[in-house]
Every structure is written in C-alpha cells, then in structure tokens.
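Data block below; observations after.
The values are calculated or read from the model by the stated rules, or taken from the named source; none is laboratory data. This structure is a prediction, so every number in the text was calculated from the model and none was measured. Counting neighbours? That spans all protein chains shown, and the Cβs are built from the backbone with ideal geometry, glycine included.
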Amino acid sequence: MLNLDHLNPQQQEAVRTTEGPLLVLAGAGTGKTSVITYRVAWMLNHGVAPENILAVTFTNKAADEMRERLKNLLPQVDHKTMAVSTFHSFCCRVLRAEVHHLGYTRRFGIADASDTEGLIKQVMGEMGISKGDLDVNFFKNGVSHAKNNLQTPEEIRSNSKRDWAATLAELYERYQRHLRNMNLLDFDDLLLQTLNLWKQHGDVLARYQDRYQYILVDEYQDTNKVQSELMRTLAGERRNICVVGDDDQSIYGWRGADITNILEFPNIFEGTRVVTLEQNYRSTNVILKAAGHVINRNESRHAKQLWSTRGEGDPIRVFEADNETEEAQLIARMITQLTYEQRSGHGDMAILFRSNFQTRPFEQSLRDANIPYCIVGAKSFYERREIKDAVAYLRLVHNPRDDLALLRVLNTPPRGIGDKSIDNLKQYQQITGKPILELMHSEDVLKDMQPAAAESLRCFASASDDAAKTFSEVGGLAEKIHGYLDSMAYLEGLGRIYKGHEEGVARLENVIEFVNSAAQYEARIGGTATLQMFLEAFSLTDDSERIDDQSEEDTGVTLLTVHAAKGLEFPYIFIVGMEQNLFPHERSIQDYMVDEERRLFYVAVTRAKNNLIMTRARQRQKYDKRYPTRLSQFIHELPKELVEFPEVDEFFSPATGNQVDDVFSQLRTRFS
DNA sequence: AGACCCAGGTTTTTT
DNA sequence: ACCTGGGTCT
C-alpha cells in the first residue's frame, strides 16, 4: 500500500482528494511533483483504472518527468494505457482520430511559427495591406490571441470598435481558409479545433468523457482560455478535475496565458476544495521572506506564506559594477572565490538574466576565468535553415497539400524553377483552389510554363510521387529519408546553395545529423516508426530534449533567462542586470504589466536554495550607445533587513579566523 | 540566379 | 552593433 507518511498534511489532503474539483496552490519548492505523482498513484491504488486518468502538462519535459516518477512509484501498473501528455500532443492524438468531423483529413500537417508568419504575410499581400500600416506581428498576435480567447472573426468584427477590427477579422478568415485548403493546423488550432470538435459533436465528446474520468492539469497558471475550456468540457458533469499551479509564478501572460483561470477556478467550479502548499523544501527563510514580501505587493493573488525548516540563512547581497563588462567580470571572480573557499561546484550555480542579449559579456568573462558554463536555450539546431528545408521536404511527402512546404523546397536547391513559374503556379492555385503539387501534375498547367521549367516541375512531381510510395510502407525510416533527400538533389545541392566550401560541408553535416536523429527516433520507437510519427514528434517536441548532450550540464555554471529557470533550483543564484527598464523590462512598464514582471522576479528569487546575489551595472550599452542606469525597483521592494549592499571589495576580503576554522572543520567532517 | 545594399528591428518561449 | 529579409542591380 502507498505510504504517505513523509508527505505533510496539506500534501496528503491533496493526494487523498480524488473526487470533485480540486485546486492545489503549490508555492515554489513545495513538492508539487511529488503530490501529483502520489495522487495518481493513490487513485490507481483505489481502483481507478489507468486508462481513465488524463494528466496534462505544458512541456514534454514535465510529462516525461511525471511518467518517470510514476513508473518508479508503481512499477507494476501498465503505464502505457495512462495518458500523460502535453496539451498539444493530447489534442493532436484526438484530432488524428476525429478530425474528419471538421473537414480535415487525418494526414493533416502542423504549421509551425514560421509557417504561420509566412502565411500571414501572404494573406496581407492578397489583401493589399501595405507595410506602412499594421505589421505582421500585429496580425500574428491578433489571430493567435483571437484563437486563444475563443473569438471568432465574426465576434472580432462585432465586438471591437477599433478601426483595424474588420481587417483583422478578414485576415483571420483568409488565413484559416488557406490552412484548411492545405490540410494544416497551426499550434493554436490543435487546441481550438479539439474544443470545436467536442462542442459540435456531443457523441464524440461523450466518448472522451467516458474514457477520461479523472483529469489532472499541471502549471494551471499558464493555461489560456482554450485550454481551461477544453479541460472543463472534458470534465463535464463528473467534475473530477484537479488543477495544480501557483498564481505567483504566472509569467506567460504575454503569450496568452490567462491568470484568471487559476484565480477564478473556485468560482467556476462550485464546491472546489482548495489546498495550499506552503511548506517549502528548497530555500532558506531569508529567501522565502524576501520573495514573499515582494510578491505581496501584487493585488489579486491567492494568499500564501511560504516557510521552511531550513533556518534563516545568509542575507541577500546586492553588488554594483561600473558597466556590463565589469559586472560579468565581478561575477566570474565571485564564482572563482566561492568554488575556492566553499565546497560548491560550478554545477551549484546559475546566472539568471532577463534578456538573452545579456549573455555576451558573461560568456567572455567566464571563458577568461576558465570557468566551465553552459547556456540554456541557445539558438537551436532545428531552427537552422537547412534543417527546416529538410523537414519541409518530408512534410510535403506526408501531406501533399502542404503548399507552404512545397514552396519552400520547390527551388531549393535551384533547379531552374524561377519566380515566374512559381507565380504562375500560385495563380492557378488561387483560381482552382487545388494544391500546387496536384497542379504540377497537370499538362494543361505545365504547357503555360517555359519548357525547361515545366520539365523541372514534372521531374519534381514524379520524384514526390515515388517518395510517397516509398514512405507508405512501414520500416527503414531513416534510410528512406536519406534516400529521398538525395533523390531530390537536396544533399548534393547544399554545396551550391551555400557558397563557401566550408559552409556547404557544415550544412550537409547538419542535415546528416538530422537524418541520424531520425534513426535514433526509430531505434526508440521500433521498426514501426512512420513518417507521420516522426514529423509529429518533431513539431511537438522541444528542441533541447531531442538531442541530449547533458554530459556537461552538471559540471558548469548555468546561464539562463529567468523564464527558462522556472522549475529549477540551485544552491547559488546570481540575478544580474537588476536595473530599472531591464528588469522590470521597459516594455512591461509602459504596458502596465509590472505585476507579471514582479512575478518573474519572484520566480528568480525562489530558485535559490542557499545564497542569492544580485548585481547591477551603473552604465549599460544598448545597441551602439551607453546609458546610465537606475537600480531596479524590485531591489527597493525587498525588505531592508534582509539585504546587504556591500562594496565589491568586501566580497573578496580575507576570511576571518572563524571562517577559516569553519572551512577546516567542514573538511574534517567530510573526510573523517 | 546570384551578389549586393539598405531599412528595420532587436523581452521573455512552448507547442 | 548586428542580423535578417526584401528589394534591386548585374
């Protein structure tokens, strides 16, 4: 039987409450993941069938971790039947089975962010929206926002008096029509169309409600309207829905997360049991008090007060440097000193910053000081042009209606299909509404083209047909991918696309690496891996986890943005660039979003287990100019008695006799 | 088709 | 300062 003894009373209550709506307010470091996994284990032990449980997370990483911990906790249960997945992959699975109800086919492809942007530009062109007016980002965000908030184009038109409303609505409609013609769903659609499906087809919904009788949602503060509505719909009359999250760590409002989901949950589900986890197992009380004091300024939050049994701990220290270079050098010196006098390794330390551009001077200073480091979230392998091209080739074979993929690779490498021919095809596409690849099979269309171009198009089309046949049989996926890219002259063409010999070779190596990743995927899944599965994994899986080279992660200092640090912890945390307009960011100040920025600061502070050091540069270079800076308001918001503002030298002053004794006694106990 | 030039934009990031 | 994308010229 499951032993809950080492859980605290609130955690136990959360675990035992399996029926009805439950809101678990899990403050930073309060053992949330344990609670979730124990709760699932508890349900399984109490007769709930694994296939009746749905656990939803935001990231694959979180889903993997949960699955892993469940496996350890309950090795005997058949975990394959239990749905632990991200919102997107869950919805994708539903749609693969049901999407025909909505007029797509189950071979639908997934449009990524750059497809979305490209298509929106195209639609803007169609509508004759000139550049001077509203820009691509406006429409991209506008459409995404509308989708996330369940606004139809009709509603945009009628609800908003803004002069751009009608334009946005029309663009949304056209954009969506294009996607549908190409049998593509964008990321937002995966969620939205699943919700539409359920709302429009009660019988389908009933099947899913019957299957998923117990629902668990992690990081609920990050859900948007569609996501909360999806879960509410699925929970139905049973209302067995448990959401876990921390409103104080809601830092994704800017991309559609709606904090009111977690704030209003008890009002939306009458009779909600609320369990607040306040015992923190991570940090010293100085850190918790400081964080709590700051976050208390925010209105509209669920009250909570974190505490721990780890003692008071050292005060927070704030240092100032003249400029960003010296700030970076200061941090490097401090790290050297700390590793020297304490027993902490580089892996115990992380440098947190608000914006990515701040990494530069730190890379330099750490390298100069011979300190190993790793940067989280550096630009990814899969963003590279040659990889996206390779993926576009694959997408086209899988979904021949994917004009976006086709146009990307039709003349990559150059094969004599110029702008003229491409325009021509687009024209036909507009008139007939048929996929371009299909048009390329029509001699009526081809006779309009230059003979050379027509021949090239014919050749491309027939190679695509061959590939489609090849991939329709199961097995040998990586091999087939290699053969296909080769047959399209893509591998050979890389040398022509990229001028320098070196660059061509490097790009080719990357593509080969990509083929290898397909082989790895195949090895993991087994011989039954299909192109569709691989593409789906590619679209819905985060880059960093696809290639795992975590070997160095343990040994180096970690550099990462505060956003990327959510969910992590380190004994030593350095928050750098504590300047007004940088953190909080100036954009958030203009937009009255300082509350979210304050939550971001709260997240940063609560990453620290033992020691928190913050720095500021008095001057900072921005683009090509230097500016004087002001200290961040968040520093002023910290409780005075918990913060010290030492001079830089004080950090490096010789150790006192007591400290020396201390170090030696620690060493003695360690080696005795 | 490919080299070259200029304008615009540079918070955070998942799926 | 620096990169990207789009436009133009050869």
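Check whether at least one residue in the range A:91-113 is charged (D, E, K, R), within 16 Å of DNA strand C (Cβ to nearest atom) and closer than 21 Å to A:Thr194 by Cα, and report yes or no. Within the range A:91-113, one or more residues are charged (D, E, K, R), within 16 Å of DNA strand C (Cβ to nearest atom) and closer than 21 Å to A:Thr194 by Cα.
Taking into account only those residues within the range A:614-641 that are part of a strand (DSSP E or B) and within 16 Å of DNA strand B (Cβ to nearest atom), which is nearest to A:Val286 (Cα to Cα)? Walk me through how you get there before you give the answer.
Just the residues of the range A:614-641 that are part of a strand (DSSP E or B), to begin with: A:614-617, A:619-622, A:625-628, A:631.
Now drop any that are not within 16 Å of DNA strand B (Cβ to nearest atom), which leaves A:620-622, A:625-627.
Values: A:Arg620: 30, A:Gln621: 33, A:Lys622: 34, A:Lys625: 38, A:Arg626: 35, A:Tyr627: 33 Å.
That would be A:Arg620.
Of all residues in the range A:114-165, those that are part of a helix (DSSP H, G or I) and within 16 Å of DNA strand C (Cβ to nearest atom) total 18.
Count of the range A:274-305 residues, restricted to those that are over 14 Å from A:Ala608 (Cα atoms) and either out of contact with any strand residue (DSSP E or B) (no Cβ under 7 Å at 6 or more places or on another chain) or in a loop (DSSP other than H, G, I, E, B) (or both), is 14. Could you go through the range A:260-271 and let me know if any residue there is without any contact (Cβ under 8 Å) to a residue 40 or more places away in the chain, under 23 Å from A:His585 (Cβ atoms) and out of contact with any His (no Cβ under 6 Å at 6 or more places or on another chain). Yes, the range A:260-271 contains a residue that is without any contact (Cβ under 8 Å) to a residue 40 or more places away in the chain, under 23 Å from A:His585 (Cβ atoms) and out of contact with any His (no Cβ under 6 Å at 6 or more places or on another chain). Within the range A:151-178, residues that are more than 16 Å from A:Lys121 (Cβ to Cβ) reach partners that are assigned to a loop (DSSP other than H, G, I, E, B) with beta carbons closer than 8 Å, at six or more positions or on different chains, in the pairs A:Asn159/A:Gln151; A:Trp164/A:Leu134. Candidates in the range A:568-592 are the residues that are under 21 Å from the mean Cα position of the chain (by Cα) and within 11 Å of DNA strand B (Cβ to nearest atom); of these, the one that is surrounded by the fewest Cβ atoms within 10 Å (Cβ to Cβ) is A:His585. All of (1) modelled with pLDDT under 90; (2) among the polar types (S, T, N, Q); (3) surrounded by fewer than 20 Cβ atoms within 10 Å (Cβ to Cβ) hold for A:Thr116 with one exception: (3). Listed here are the helices (runs of 4 or more DSSP H) enclosed by the range A:415-501 that have at least 1 residues being under 30 Å from A:Gly125 (Cα atoms): A:419-432, A:436-439, A:443-446, A:451-472, A:490-497. Which residue is farthest from A:Glu536 (Cα to Cα), if the candidates are limited to the range A:492-525 and must be in contact with a Leu (Cβ under 7 Å, 6 or more places away or on another chain) and surrounded by 18 or more Cβ atoms within 10 Å (Cβ to Cβ)? Among residues in the range A:492-525 that are in contact with a Leu (Cβ under 7 Å, 6 or more places away or on another chain) and surrounded by 18 or more Cβ atoms within 10 Å (Cβ to Cβ), the one farthest from A:Glu536 (Cα to Cα) is A:Leu494. The criterion of at least 2 residues that are farther than 30 Å from A:Val35 by Cα and not polar (S, T, N, Q) is met, among strands (runs of 3 or more DSSP E) falling completely within the range A:172-266, by A:184-186. Residue-level analysis places A:Ser344 among those that are away from DNA strand B (no atom under 16 Å from the Cβ), at pLDDT below 90, among the hydroxyl-bearing types (Ser, Thr, Tyr) and surrounded by 15 or more Cβ atoms within 10 Å (Cβ to Cβ). Applying a threshold of 8 Å to beta carbon distances and a minimum spacing of six or more residues, or different chains, the list of pairs starting in the range A:47-69 at a residue that is farther than 16 Å from A:Asp218 by Cα and at pLDDT 90 or above and ending at one that is outside any loop (DSSP other than H, G, I, E, B) and not hydroxyl-bearing (Ser, Thr, Tyr) reads A:Pro50/A:Leu44; A:Pro50/A:His79; A:Glu51/A:Ala83; A:Glu51/A:Arg211; A:Asn52/A:Arg211.
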